[in-house]
Structures are given as structure tokens and as C-alpha cells.
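Here is the structure we will look at.
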Amino acid sequence: MTKIAILVPTYNEAVSIVELLGKLTNFRSNSQYEYDLVVIDDNSPDRTADIVENLAIPWVDIIRRPGKSGIGPAYRAGFSKVLADPQYTHIATMDADGSHRVEDLPAMFAAITSSKTLILGVRWMPGGRVVNWPRSRQLLSKTGTRYAKLALGINLNDLTGGFRIYSAELLNSLKLKDMDATGYCFQIEMAMAADLAGAKTIQVPITFVERIAGESKMSFGIAIEAFGYVTKLGIARAIKGIYRR
Ligand SMILES: Nc1nc2c(ncn2[C@@H]2O[C@H](COP(=O)(O)OP(=O)(O)OP(=O)(O)O)[C@@H](O)[C@H]2O)c(=O)[nH]1
Ligand SMILES: [Mg+2]
């Protein structure tokens, strides 16, 4: 039986997370899929974690981390919590800011199979769209994926997006403890690790919507870090066996 844990990292997402949890509550009552959710908060000054806790939703749990340390460490903490619970067969990842739409979850969930799989929500393929995203961000995202595809030899259309579903089998086969990407490179690192582990990859077109509330954590520094990291990974890829358990 399929049971999904949805992981949502948050940093100052008090407004957006309440909206997302509301939508997921509606979807959950009409959905054939069973899921729980874990918010991974880095001690947000806007008290995101307290606000989520006060909602007291039985299927929502919170990991409170001491301070802002990027999505990589946040997700790895989330993975280690849910992988310790064998009821979860699949782990989904979503941004809190509304960019990843609950409306796209049915198609993502429908792609779930029993094998070692990575399901990738993709903006840059037929049927995929971006809404209200500045051209500069679109260009950065497309260029990032193109460079990573080339440097890493991975034939996937959206390597930087964070709307995904991993099978527990896949995550358990990876050396998560050896991974150290913090920012956007985390998504690229995970896609490469899945590829190297021989995962089946399924691309699902999604509509990505620019956030309405809260502030972006994207910065020039994060983009530069990602460029350097991908180059390093590309070289490391030549060394067989990295990221395998
Ligand atoms: N726990 C944690 N979550 C983070 C951190 N940085 C970003 N996030 C969350 O990760 C998700 C993606 O971050 P965003 O700032 O939306 O990044 P983005 O979607 O690439 O950028 P925008 O398009 O500008 O919104 C959001 O849910 C953030 O709250 C962090 O350091 N720690
Ligand atoms: Mg965002």
C-alpha cells in the first residue's frame, strides 16, 4: 500500500504555509492517496513553526531546527525522520510558497510506481508552465538546468525544481549522509544521485506559480554556489560509485 510523507521546508512562510495546509486539507479529504506532512522549519523569526503547531493538524508534524542553514540540511533532516518510519513508501517534496500547486499533486501521485523511482515535477516540457515568473528567473532556471544537464550528463528537463516524489526504496539506496549541498544544488545533487543509483525517472509537467506572499530566499550568491557545485559534481561523476550506498 502507498503511503506518502510530504516534506515542506520553511523559512518565514507564516502566511503561505497556512494557505498550503488549508488546500492540502481539502485535497486530502477527497483524495484516494494517504499522506502525512512534515514541516521543516529553521527557527523562522516570523514564528512559522509556532503557527503550524497551533493549527494542531493531526497529520502534520514539525521538525524545528536551530537556525537557517539552507534547504539541503533541512531536507536531509526530513528524509532521516520519515525513512525511520517504514509505513512511508514514498516521500514527496514541495515548496511552502504556493509555487508548487496542490492541483498538480493528483498527476504527481498518479505517476507513483512500486519501483525505485524519482518523479520529477517539470516546468520545461510540453504541458509545463510558469506563471508570473520574471524573465530573469526563467532564464536563470533554464540556464541552470541546461548547464547541469551538460555537465552531469543527465537527460532530465528540470534539475533545479523541488516538486518531486522519491520512493523510500530509492532514498534508502543513497548515501544521504555523504551529501552536503545546501542551496539549489541540493536538487541537482539529488537528481544526479538518483540517476547514478539507476532510478526510473518519470517527468510530470507542472505549472509553477510565482509566490504571492513572503520573500524569496534566492540570491546571486546561491546561483554562483550552484554553478561551482555543478562543475565539481560533473568532475566527481567521473569517479564511479559516488552517492551509492
Ligand atoms: N528550512 C528551510 N527552508 C528554506 C530555506 N531556504 C528556503 N527554504 C524554503 O524552501 C522553499 C523554496 O524557497 P524559495 O525562497 O521559495 O526559493 P525559490 O522558490 O527557488 O525562489 P522564489 O521563486 O524566489 O520563491 C520555501 O518553502 C522556503 O521557505 C532554509 O534555509 N531553511
Ligand atoms: Mg519559491
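Using 0.36 nm per residue and subtracting the Cα-Cα separation, the extra length available between VAL131 and ASP46 on full extension is 27.9 nm. Could you check what % of the DSSP bridge pairs in the chain are antiparallel, to the nearest 5? Of those bridges, close to 25 percent are antiparallel. Neighbours of SER114 by Cβ distance under 12 Å: Lys/Arg scored +1, Asp/Glu scored -1, total +1. The HN-Hα couplings worked out from phi for segment 88-97 by the Karplus form 6.51 cos²θ - 1.76 cosθ + 1.60 (θ = phi - 60°) are 7, 8, 9, 10, 9, 10, 8, 6, 7, 7 Hz, whole numbers, x standing for Gly and Pro. Compute the separation of the alpha-carbon centres of segment 121-154 and segment 66-92 and state it in Å as a whole number. Each part reduced to its Cα centre gives a spacing of 25 Å. The H on the amide N of ASN43, modeled in the peptide plane, is under 5 Å from the matching H of ARG65, each at least 5 residues off or on a different chain.
Ordering 142-149, 109-116 by mean Cβ neighbour count within 10 Å, with the highest value first, yields 142-149, 109-116. When each of the peptides 133-140, 220-227 is scored by how many other beta carbons lie within 10 Å of its residues on average, the order from highest to lowest is 220-227, 133-140.
For segment 3-237, a simple Cβ point-charge model (Lys and Arg +1, Asp and Glu -1, everything else neutral) yields a dipole of about 760 debye relative to the Cα centre. Kirkwood analysis of the Cα pair distances in the chain returns a hydrodynamic radius of 18.1 Å.
Along the positive direction of the dipole of segment 1-81 (beta-carbon charges: Lys, Arg +1; Asp, Glu -1; about the Cα centre), which of SER16, GLY78, PRO66 reaches farthest? Towards the positive end, the residue furthest out is GLY78. Segment 171-245 and segment 14-60 have their alpha-carbon centroids 25 Å apart.
Provide the gained length on full extension for the span SER69 to SER114, in nm with one decimal, where the gain is 0.36 nm per separating residue minus the Cα-Cα distance. Full extension of this stretch gives 12.9 nm more. Once both labels are positioned 7 Å from their Cα atoms along Cα-to-Cβ, the gap between ALA223 and THR201 label points is 2.3 nm.
In this rough spin-label picture, where each label sits 7 Å from Cα along the Cβ direction, the LYS177-THR89 distance is 2.9 nm.
In straight-distance terms, cross-link reach from LYS177 covers every one of the lysines whose alpha-carbon lies under 23 Å from its own, apart from those fewer than eight places away in the same chain; here that gives LYS68, LYS81, LYS116, LYS200, LYS232, LYS240.
Comparing mean-square fluctuations of MET125, MET190, MET94 from a GNM of the chain with C-alpha springs under 10 Å, the top value falls on MET125. Here the Gaussian network model covers the chain, with springs between Cα atoms less than 10 Å apart; of ILE235, ILE63, ILE206, ILE235 fluctuates the most.
Along segment 213-218 the Karplus relation, 6.51 cos²θ - 1.76 cosθ + 1.60 evaluated at θ = phi - 60°, assigns HN-Hα couplings of 10, x, 10, 5, 9, 6 Hz to successive residues, with x for each Gly and Pro.
All of the numbers you see were taken from the coordinates with simple rules; none came from a lab. The shown structure was predicted, so the numbers you read here are calculated from the model rather than taken from an experiment. When we count neighbours, we look across all protein chains shown, and the Cβ atoms used for this are built from the backbone with ideal geometry, even at glycine.
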